[in-house]
Amino acid sequence: MLDAGMHPAKEGYAALPFFDEFDLSTVDVLLISQYVALSFVLRSLFLWCTHAPREEKRLCCRTRGVGSIATAQTAIVDDVESLTQQTMPQSATCRSENQCKLFELSSSVQLRTLLFHVDHSSALPYVLSKTNFKGRVFMTHATKAIYKWLIQDNVRVSNTSSSSDQRTTLYTEHDHLSTLPLIEAIDFYTTHTINSIRITPFPAGHVLGAAMFLISIAGLNILFTGDYSREEDRHLIPAEVPKGVKIDVLITESTFGISTNPPRLEREAALMKTVTGILNRGGRVLMPVFALGRAQELLLILDEYWERHPELQKIPIYYIGNTARRCMVVYQTYIGAMNDNIKRLFRQRMAEAEASGNKNVSAGPWDFKFVRSLRSLERFDDVGGCVMLASPGMLQTGTSRELLERWAPSERNGVILTGYSVEGTMAKQLLNEPEQIPAIMARVSTGPGGRRVPTADDDQKVMIPRRCTVDEISFAAHVDGVENRNFIEEVGAPVVILVHGEKHQMMRLKSKLLSLNADKAVKVKVYTPANCEEVRIPFKKDKIAKVVGKLAEVAPPSEADNSQLMTGVLVQNGFDLSLMAPDDLREYAGLTTTTITCKQHLTLNSASIDLIKWALESTFGAIEKIGSTPSQDIKKENADSSASNGADVNGNVEKEEAADEEITFAEKETYLVMGCVIVRYTPRTREVELEWEGNMMNDGVADAVMAVLLTVESSPASVKQSCKHRQHDHDAPEIQNPHAYLNSEERFERLLMMLEAQFGPNITPIERPRLTKSTAHQNGVAESGAVEPTPKDEENGEEEDEEQLAKAEAAELARLHSLGIPVPGIEIKVDKHVARVWLEDLEIECSYPVLRDRVRVVVERAVETVASMWAGEKPSSSLRSRTTNGNGVGNNKLMEEKKPEPVGAEA
């Protein structure tokens with residue numbers, strides 16, 4: 001979450017952001033970017049990420065205004081010194097039009113960031129003490145140093161800012177001081193990782209300590225500028241684009257839209273001309289400023305001008321406020337965080353102090369020669385001309401409002417507004433030069449030094465004539481339209497989100513950006529979401545896993561070798577993926593592993609191992625026999641057990657009496673199914689034991705094996721398989737089986753039906769016959785080995801007689817047709833792999849062993865279940881498989897030989 005501020009024109013709960021809209025317990029990080037002496041609206045940016053290969057990460061934007069709370073999965077809240085330009089009602093239910101954003105990036109990790117100007121941070125004590133927020137809070141060192149005094153002053157002002165019967169205390173000074181240790185200070189240009197989300201602060205150039213944040217989450221880089229300035233001034237480092245980083249999303253302010261400020265020198269000249277004009281006519285100059293920030297820049301300008309003009313040195317310059325006086329110590333401390341001009345002044349004045357030999361002489365650049373600090377107006381002698389810098393800058397209440405009401409009736413006096421004025425504040429109203437202004441400060445003690453406090457009773461308000469002059473000369477530390485556009489172009493982000501601006505200014509800037517990108521090949525997306533509006537932005541990122549440990553020693557599979565698979569454990573640490581062997585989990589991932597071995601026992605009443613093996617092969621293809629326990633081993637185990645159980649107390653073993661006859665047991669057989677489930681069969685007790693390592697995949701295979709075993713004794717195919725070799729008669733008349741006595745064409749159609757059900761419709765006939773060595777010699781063609789018809793071999797210079805080859809093929813086709821075989825074979829395509837089935841002897845050729853074994857099992861089951869293919873027409877039927885290079889050439893391997901079956905085999 002970035003920033004937790006309050007609205008400057010509202011009081012109590014109505015000034016809070018939308019904290020009631022979100023669960024703050026889900027916020028992991030709160031980043032504070034800057035400070036000011038007022039409270040503004042909260043803006044939040046939420047991010048989270050889910051992963052998949054080439055997945056879309058969705059960036060979801062919601063805007064939140066004033067009056068309620070804004071937070072969600074990962075939030076970044078931007079500061080709002082400039083809120084909206086439209087008038088805000090005093091109702092607690094009002095929600096402003098200024099823009100604050102929420103980003104959702106698909107993931108489980110969340111980030112919240114806070115920026116700080118008190119309009120960016122005055123709600124922070126409330127968040128830390130009154131809500132269920134349990135995350136971490138970060139800000140720069142300078143921001144934290146000033147934050148303490150500003151919030152303390154804000155609490156005291158709030159306690160006297162409304163009448164006692166309407167006062168709402170959001171938090172106390174104790175709440176503020178007790179939560180101060182929860183804030184962690186960080187330096188510029190340092191990267192910090194919180195729940196795999198990396199944040200890096202960069203100087204924003206807005207006020208001392210102000211930062212813009214680079215947020216990296218799951219490979220997506222988001223740059224949030226907050227309030228920033230690229231103008232060279234007297235004490236701050238201007239904002240710069242982070243080097244060497246590709247920004248995916250830029251969230252930037254749009255305070256001034258496309259408006260352009262005059263050059264800095266012209267504005268300084270105009271300021272001095274206006275100030276001297278008011279002083280020359282005997283008036284007083286009121287410059288409402290924020291307690292910290294632009295006030296220090298103006299003090300440098302005034303002090304430098306007074307030094308060059310001795311005629312003005314008799315006129316005092318006042319900087320009023322106890323908080324401002326104490327916070328000046330922070331400016332004197334953090335000289336290293338400022339620009340070269342301040343560092344030069346520091347070295348120069350230190351040298352002057354050393355040369356004078358007086359150690360009591362103040363030597364810092366913030367030790368002004370012509371500026372006086374006042375604690376309060378009670379110590380101010382309001383006689384003659386002067387220049388007064390007083391806070392707050394919006395003239396809502398406080399010292400600046402009291403001086404305005406005191407000096408406004410005199411036409412000799414003048415008010416110079418140097419900052420940005422928010423709609424609904426007295427500063428904004430003064431720009432319209434009203435004839436009267438309301439007097440809200442009531443004197444609470446008698447005498448000329450009586451203190452004034454604001455009153456909220458409309459009936460007691462009186463109107464004061466306004467005769468003083470009002471001038472606006474902007475020294476706001478915000479980029480203007482040109483600087484903002486140049487920064488956006490330099491960043492080059494494909495997605496730009498405009499925040500911190502009045503609605504029509506944002507729309508004007510958006511139109512300008514779109515027009516500048518009209519001729520580009522890749523269009524830049526510009527968003528200006530309204531409050532509570534959600535914006536979803538898709539992003540595509542490759543999912544890359546780093547192979548470590550033992551797997552890194554294995555050569556990765558190539559695209560050509562589709563049969564090789566790399567298996568391991570995919571470990572996600574935040575958003576980093578690593579693939580490793582289970583044995584490496586402790587070393588590379590810091591994880592401990594536990595192997596769960598699952599076992600299942602069942603007893604079969606009548607199924608033999610042959611039937612069990614047949615059923616498993618029909619479902620899972622070839623199964624591997626991994627061992628057996630012979631009868632001698634069983635006998636030895638029983639003897640050892642008896643010996644241990646029959647020993648007496650002295651350890652003597654009683655000698656077993658020799659048996660008259662020994663009964664031998666069949667071997668205990670063990671098979672491996674799908675490489676993961678071990679099946680053990682004990683013939684004596686007909687018990688079947690399943691054992692496997694528990695995981696999601698193995699559990700699924702084990703469930704399938706259990707299903708096969710539980711139905712092996714009752715399924716029709718199993719009954720046929722177990723009964724086909726047993727002969728028996730029935731007294732009842734035999735009913736002819738509709739599946740018996742099929743001709744070869746019908747059997748071939750049923751074979752195709754089963755193959756299509758298993759492998760899909762990509763089954764095509766092979767037109768040209770396969771010529772073996774015997775058939776080639778019979779037809780007058782010289783062959784060596786089992787071959788198929790091939791083109792001329794130009795390399796060896798051998799020429800085949802095409803006429804003899806055609807004659808041999810025709811003779812072979814005639815022979816096959818005489819046996820009832822319609823085509824020499826069929827070709828099955830599954831993805832990139834091809835399997836050939838030669839119909840005469842049902843031999844399978846395929847370079848991919850997995851597909852070859854599966855086709856062999858399906859063909860075997862089809863022939864046994866339906867009927868033998870060419871029984872009665874061919875002396876023997878065998879099922880062979882051959883490993884080839886895909887073109888029918890290779891080493892023959894006899895996989896399994898089947899005896900011929902009767903012609904009328906029943907289904």
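Applying the criterion of at least 3 residues that are among the hydrophobic types (A, V, I, L, M, F, W, C), closer than 28 Å to ASP471 by Cβ and in the same structural domain as VAL422 (by the TED database) to the helices (runs of 4 or more DSSP H) found wholly in region 277-384 leaves 294-308. Would you mind stating whether VAL444 is at pLDDT below 90 and not basic (Lys, Arg)? The answer is yes for VAL444.
In the set (1) more than 30 Å from LYS543 (Cβ to Cβ); (2) surrounded by 11 or more Cβ atoms within 10 Å (Cβ to Cβ); (3) modelled with pLDDT under 85; (4) not charged (D, E, K, R), the condition left unmet by THR593 is number (1).
For region 320-330, the condition of being at pLDDT below 90, of a type outside the set (D, E, K, R) and open to solvent by 60 Å² or more (accessible area, probe 1.4 Å) holds for at least one residue. Quick check on ALA782: is it at pLDDT below 85 and surrounded by 20 or more Cβ atoms within 10 Å (Cβ to Cβ)? No, not satisfied.
Residues in region 674-690 that are over 15 Å from ASP610 (Cα atoms) and buried (at least 16 other Cβ atoms within 10 Å of the Cβ): MET674, CYS676, VAL677, ILE678, LEU690.
For region 452-543, list the strands (runs of 3 or more DSSP E) that sit wholly inside it and hold at least 1 residues that are over 28 Å from MET212 (Cα atoms) and open to solvent by less than 30 Å² (accessible area, probe 1.4 Å); which are they? I'd like the intermediate steps shown before the answer.
Numbers: elements: 452-454, 462-465, 469-472, 495-499, 525-527, 535-541.
Output list reads 452-454, 462-465, 469-472.
Against the condition farther than 22 Å from LYS512 by Cβ, in contact (Cβ under 8 Å) with a residue 24 or more places away in the chain and charged (D, E, K, R), how does GLU231 come out, does it pass? Judged against the criteria, GLU231 is not a match.
With respect to the conditions (1) at pLDDT below 85; (2) open to solvent by less than 40 Å² (accessible area, probe 1.4 Å), ILE335 lacks only one, and its number is (1). One residue alone among LEU182, LEU177 is closer than 29 Å to ALA15 by Cα, in contact with a helix residue (DSSP H, G or I) (Cβ under 7 Å, 6 or more places away or on another chain) and assigned by the TED database to the domain that holds LEU124, and that residue is LEU182. Applying the condition of being closer than 21 Å to GLN34 by Cα and without any contact (Cβ under 8 Å) to a residue 40 or more places away in the chain to region 169-192 and asking which residue is farthest from the chain's Cα centre (by Cα) yields GLU173.
The residues listed here are ALA814, ALA806, ALA862, ALA810; of these, the one that is crowded, with 18+ Cβ neighbours inside 10 Å and either modelled with pLDDT of 85 or more or in a helix (DSSP H, G or I) (or both) is ALA862. Cβ-Cβ distances below 8 Å connect the following pairs, each with a first residue in region 551-580 that is over 24 Å from LEU851 (Cβ atoms), a second residue that is at pLDDT 85 or above and of a type in the set (Asp, Glu), and a separation of six or more residues or different chains: LEU551/ASP584.
Among the residues making up region 205-257, those that are surrounded by fewer than 24 Cβ atoms within 10 Å (Cβ to Cβ), among the aliphatic types (A, V, I, L, M) and part of a strand (DSSP E or B) are LEU214, LEU220, LEU223, LEU250.
Looking only at region 567-606, which residues are of a type in the set (Lys, Arg) and under 27 Å from ARG680 (Cα atoms)? Result: LYS599, single match. Close contacts from region 131-145, counting a first residue that is assigned by the TED database to the domain that holds SER178 and a second that is open to solvent by less than 30 Å² (accessible area, probe 1.4 Å) and of a type in the set (D, E, K, R), with Cβ to Cβ under 6 Å and a gap of 6+ residues or different chains, come to GLY135/ARG112. The set of residues from region 10-38 being of a type in the set (A, V, I, L, M, F, W, C), open to solvent by less than 10 Å² (accessible area, probe 1.4 Å) and at pLDDT below 80 comprises just one member, VAL36. Of the residues in region 564-578, at least one is open to solvent by less than 30 Å² (accessible area, probe 1.4 Å), closer than 27 Å to LYS246 by Cα and among the small types (Gly, Ala, Ser).
The values are calculated or read from the model by the stated rules, or taken from the named source; none is laboratory data. The shown structure was predicted, so the numbers you read here are calculated from the model rather than taken from an experiment. As a convention, Cβ positions derive from the backbone with ideal geometry for all residues, glycine included, and neighbour counts pool all protein chains shown. Areas reflect the complete protein model, heavy atoms only, side chains present, ligands, DNA and RNA absent. Shrake-Rupley method; radii C 1.70, N 1.55, O 1.52, S 1.80 Å.
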